[in-house]
1. Residues of the stretch A:419-447 being of a type in the set (A, V, I, L, M), surrounded by fewer than 19 Cβ atoms within 10 Å (Cβ to Cβ) and either in contact with a helix residue (DSSP H, G or I) (Cβ under 9 Å, 6 or more places away or on another chain) or part of a helix (DSSP H, G or I) (or both), which ones?
2. Quick one: which of B:GLY48, B:GLY3, B:GLY22 is within 35 Å of the chain's Cα centre (by Cα), buried (at least 16 other Cβ atoms within 10 Å of the Cβ), of a type outside the set (A, V, I, L, M, F, W, C) and in a strand (DSSP E or B)?
3. Looking at A:ALA200, A:ALA172, can you tell me which residue is surrounded by fewer than 17 Cβ atoms within 10 Å (Cβ to Cβ) and within 20 Å of the chain's Cα centre (by Cα)?
4. Could you check the stretch A:261-292 and list, in sequence order, the residues that are over 22 Å from A:GLY433 (Cα atoms) and not in a helix (DSSP H, G or I)?
5. Could you list all residues from the stretch B:219-237 that are in a strand (DSSP E or B) and buried (at least 17 other Cβ atoms within 10 Å of the Cβ)?
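Each value in this text was obtained by applying a stated rule to the coordinates, not by laboratory testing. Please read all numbers here as calculations on a predicted model, not as lab measurements. Here the Cβ positions follow ideal geometry from the backbone for every residue, glycine too, while neighbour counts run over all protein chains shown.
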Amino acid sequence: MKNKSRVAFSALLVGLVFAAVACSDGLTDLNENPNGPTAVPVEFLLPTAIQGAVGNAWGSGQSLSHTSIWPQHTVQIQYPDEERGIVRPSTMDGYWSGYYTGSLKDIQTVIDIGVETEHVNAEGVGRIWKSFVFHILTDYFGDVPYSDALNGEENTLPVYDAQADIYDGMLADLTAGVGMLNASAQAFGGGDLLYANDMAAWRKFGNSLRMRLAMRLSEVDPATAQAQFTAAYNAGGFTSNDDNALLDYPGGTYRFPLYANYLGRDDHAMSSTMVDTLKSMSDPRLFLFAEPAATDGEYRGHGNGRQSLPAGQSLGDISRIGNFWRADGETTPATVLTYAEVLFLQAEAAERGWISADPATLYMDAIEAHMNQYDPYGVGPTDTEIADYLASPAVAYAGMNSIYLQKWISLFMTGPEAWSHIRRTGVPHLEMGPDLQLSRIPVRMPYPDTEQALNSVNLNAAVARQGGGINDLVTPLWWDAG
Amino acid sequence: MIGHVAVNYQINDWITANARVGRDWSRDHRKRNTEWYSLDDAGDGGFGENTIYRSETNADLTVSATRQLLSDFTLDVVGGGNLRRNFYETANVGVSKLTVPGVFSIDNAGTPASPTDYLSEREVRSLYGSMSLNYRGYMNVDVTGRNDWSSTLPEGNNSYFYPSVSSAFVFSDAFDLSSYLFSSGKIRASWTRVGNDAGPYQLASVYGSSQPWGSTAMFNVPNELPNIKLKPEETTAWEVGTDLGFFNERLGFVLTRYDRTTKNQILGVQVSRASGFSTQRLNAGEVRNWGWEVLMKAMPVRLDNGFRWNMTVNWSKNNSEVTELYGDLETLVLQSYWSLNIEARQGEPYGAMFANDALKCRGPDFEGCTKDQKGMYLLDEDGWLQRDPVRRVVGNYNPDWIGGIQNRFSYGPFDLSVLVDGQKGGDIFSVTNWFGEYAGVLKSTLKGRENDWDDPGYLNKGVLPDGRINGVDADVRILSQDRFEGNWGMQGLTVDDATYMKLREVRLGYELPASWLARFGFYGGNVALIGRNLLLWAPNIENIDPETAFDASNVQGIEFGQFPSARSIGLTFTITP
């Protein structure tokens, strides 16, 4: 009896193990990942795409170490490497992958879901934001993967598109994107960090961005530039500072990136080019942009492209960047695109005769709009200061160079656009620093090493056709006619 | 913690069944507190708390039989099944601000706590069998076979069979060759194939998330492209060897020659970021490893008074080659650190280092130099090193060989053992040295500023554009500071030879007298003084311990600010009840 039960018990065990083993049904169900969703609504992806791109472009790395120092708004006072034209290859890897695997992949997914689910506003806003991110990227690097990009499921060796074709694509996407926005269709819940589901505002943003991109082509393809600009202008861009595209940081986890940098670092200060320009015109924005020097209370910048401080000067003798962006900057917004810039673009278009308006009036309105855009934060020039400034002879309208100079000032803390502005217009004239190790101030970023390792055939073709066949910092972009 | 239940059942006098269910699990809890005004960004304090639970459950059933066949053969047969389930769960919470100092609780968080969690499960079911045939004790043939079904591979690819055959022949017994001089001899050979599955959740991806923006949830597309078509990895190996004993076993050698090829290796292969992804899971490559292992054991001295000197020497040399890669890929980037890649590059050993170096005189064109200047730096007219714009293989982390010698002397109750080991060759990219030189804080950067910061200047040896050799026909110097700051874009300059030798362990032991121990009811015991990592000799690299690798995974050869292996000196006391 006892023996029988032992036989029965072992037979049962044998049966159990073999049954479990031999039947592999359901085994793969165990491999369904419980750690995240396989599908999410666009309203949770759009904010990541917006925050990601702005966080990158306004981050201290890209702005304070690259795009704000090369147009000589600010200067590196510690580790002046980029200042002297020495770019860290690993940094380029970070910028490149930050956009492509971050905000661009996320916004492309918003577009794809929009198309799939007939969510017109997802597709429309998606196309507009994708163009915003891509214009930053191509203005950094020139030719980049565009039509083949963001499609790793099908292609992990994307071809580089010529910058001319990328601009065509972006302008087309902006036109189409604006066209499909529908105020009465489904929007993004709490996920529209820029305009809180106001599709009319997105339409103005799309048209304003299209004006910016159109004007970029002024030197290289004036006919397209004019046609695109006037179309966007007629469709209607920003009409007041209320329309500004601002990313308002809530503080805490998401705080203005330069504030986060300020908490741990003191590597950056005001460029003497900016400080001296503002001083020479008695511009009241000096007191907003810059802090007085710690040692003597003077407003004093430091020259760009220098290895060290002038003899006898210490770090305390140099004006730091204004507290609005630094010490008091936790909730300071990033200025994605402003009414002031749109007015400057229109003033330039008027000066070129593309639109019928008075360039001088638009120019004055633009300066005024810029000075007023800080009102909601209780900083910036007073109305009296603004009136006095606009009336001063130094500011009087004297043609295109006036527009360019004032626009350069107004793009302070809008790094990528400030760098593009100086490359396209060359105004104001910037002196090369004595320790700059290049033949000129950088006009592009070099391609990252990861592309050389992982996509070399396509990269090499792109480098070869952009002149010189050398992956450097001094070969102008396609739209940069010198 | 380990627990198991087992049942044995003797079915008859030559068949036994064995069933066993067991679980091995561990829970690990860590908490790291940061006080106010510590070196974090705002001095607000905070803490991180981390709990890890892992378990492995195994259910086995085996039936084994042993039978004498004819008179000279013994046959052992084992058949069975196994079910293995692994479970892993981790929960983390981070708090980056404390409202009241010194209280490390979530209730005291000054900003919202950021929690994360992760869990994974995997199950492998197996059936296996083995047969072992022995002839007269000196000839053995073993055959095994096993089939696994894994949860981590896609249906259709998740069942894989792997066999092995091995044999050993004690020829000294078979042919009765034993003598004092040649005391034993055995030859062995084996062929095996082993299958391996993927990690969990590599077939499909899920959205990742980041901290909410106010009350808005933030999701993102993950950076790895999953692969629904993964296949199991497969390693095929053969091995032959011999075990020889001489002088009545006072000298013995174990020699092994092996050759192992792993194909369909599952790796997260880096892809162009412009694809929208950083990596792609692939059955990516085929890697061959082959080499020699030698073990020598000797007792050079054995005296009648009980003094013994025993010596053990081991030495091994492994070669590797990436023989095939997925599709047209030339290389797989395994890891990238400060722009130096560790790669599996076709035709190169696994673990090639790929980076920018200074421009060197190089064939086949010898542009800007002559053939006999091969390997020298090509300088510019001011005597600076120039960055080679073409990235190249600048090293490989695999050593030429590794080896060790242990000597043990015993006399009466005392014994002393000394272990020395090390490696010859292999490269290491020391980021510590790279940054340290860039920042000018290392002793090596005194070169060229022995007299003053700009005096006498640093001389780069190499070929000047006019053909003169700097340091021989010319003396063009640059600022020491420029030389070392200039290594920024040239990681190859700080890839150094990791050859080292270590006095790994010295142990002096004393066996306690048995009679004395017996009084306390113990059977045996000893005390020993042990020192580990006592000396390091690394002739070609400064400042760091070349043995401290960056990462225990397949990425080696990178060092950055690691603590060197700790030296320890201690006393141990052991008793055997």
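1. The answer is A:VAL427, A:LEU430, A:LEU438.
2. B:GLY48
3. None of the other options fit; the residue is A:ALA172.
4. Residues satisfying the conditions are A:ARG265, A:MET281, A:SER282, A:ASP283, A:PRO284, A:ARG285, A:GLU291, A:PRO292.
5. Listed by number, the residues that qualify are B:PHE219, B:ASN220, B:GLU224, B:LEU225, B:GLU233, B:GLU234, B:THR235, B:ALA237.
Okay, residues lined up against (1) surrounded by fewer than 19 Cβ atoms within 10 Å (Cβ to Cβ); (2) touching a Gly at 6+ places or on another chain (Cβ under 9 Å); (3) within 27 Å of A:VAL144 (Cα to Cα):
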| site | (1), (2), (3) |
| --- | --- |
| B:GLY252 | yes, yes, no |
| B:GLN265 | no, yes, no |
| B:GLN270 | no, no, yes |
| B:LEU303 | yes, no, no |
| B:ARG308 | yes, no, no |
| B:MET311 | yes, no, no |
| B:ASN314 | yes, yes, no |
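Here is a yes/no grid of residues against (1) within 12 Å of chain A (Cβ to nearest Cβ); (2) within 30 Å of A:SER103 (Cα to Cα):
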position: B:GLY268; (1), (2): no, yes
position: B:GLU293; (1), (2): no, no
position: B:VAL301; (1), (2): no, no
position: B:PHE307; (1), (2): no, no
position: B:ASN319; (1), (2): no, no
position: B:GLU324; (1), (2): no, no
position: B:GLY327; (1), (2): yes, yes
position: B:LEU334; (1), (2): yes, yes
position: B:GLU348; (1), (2): no, no
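For every residue, the table says whether it meets (1) touching a residue at least 60 places away in the same chain (Cβ under 8 Å); (2) within 30 Å of B:VAL294 (Cβ to Cβ); (3) not basic (Lys, Arg).
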position: B:ALA352; (1), (2), (3): no, yes, yes
position: B:GLY363; (1), (2), (3): no, no, yes
position: B:LYS374; (1), (2), (3): no, no, no
position: B:GLY383; (1), (2), (3): yes, no, yes
position: B:ARG387; (1), (2), (3): yes, no, no
position: B:VAL390; (1), (2), (3): no, no, yes
position: B:TRP401; (1), (2), (3): yes, yes, yes
position: B:GLY404; (1), (2), (3): yes, yes, yes
position: B:GLY412; (1), (2), (3): yes, no, yes
